[in-house]
Amino acid sequence: MSARLPRAPETFEQLVLAFLTDLERERGLARNTVNAYRGDLVQFGAFLADRRRDALAVKHAELAAFLEELANSPSTTPVAAATLQRKIACLRSFYRHLHRRGMIEHNPASELSNPRLAKHRPPARTRRPRAPQTFEQLVLEFLTDLEQERGLARNTIDAYRSDLVQFGAF
């Protein structure tokens, strides 16, 4: 009877490769997503290497420090909130994968929270104050506005104008 040999510890690169293969083949993620996750994990691997930490021994505080460094680093340009959300999603998926494979007991990324995205609002339209106008000028301006901003056809505008003339507006 042969005893099971303990498995040799996997390097960070091997863990990442297994994870990315799982993403692409089994979960069917798009190639661009897989490539983005690859870059995110390479960046995270460099962070771990600088601190001489093993990916399988990472705690929540270390993940938070990595993300804090990305968001507020004075030496590099801080990443956008949407990019930070993708990196958090990547770390969550990576550590969920390791947890499901039995390589870690607790998923340190499960407690990560997403940054709030700023809502992009279109700039408010401002109109310059106008001098009082006659009724005819207001109607002509309104019709011109319909044509230019609403995209109404010129013949439709002319029909409105002729209707106004018939009703004695001009």
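Between VAL165 and ARG38, what length comes free when the chain is fully extended (0.36 nm per residue of separation minus the Cα-Cα distance, one decimal in nm)?
Full-extension gain reported as 38.9 nm.
Summarise the accessible area of the range 1-102 (1.4 Å probe, protein heavy atoms) by the percent that is carbon and sulfur.
Roughly 53 percent, rounded to a whole number.
With equal scatterers on the alpha carbons only and no solvent term, can you work out the Debye log10 of I(q)/I(0) for the range 37-86 at 0.14, 0.22, 0.26, 0.30 1/Å?
One equal scatterer on each Cα of the range 37-86 leads to -0.34, -0.86, -1.16, -1.35.
Taking every pair of alpha-carbon atoms in the range 1-114, give the share separated by more than 24 Å as a whole percent.
Beyond 24 Å sits 26 percent of the P(r) for the range 1-114.
The values are calculated or read from the model by the stated rules, or taken from the named source; none is laboratory data. Computed from a prediction, not measured in an experiment: that's the story for all the values here. The area values use the complete protein model at the heavy-atom level, side chains included, leaving out ligands, DNA and RNA. Shrake-Rupley method; radii C 1.70, N 1.55, O 1.52, S 1.80 Å.
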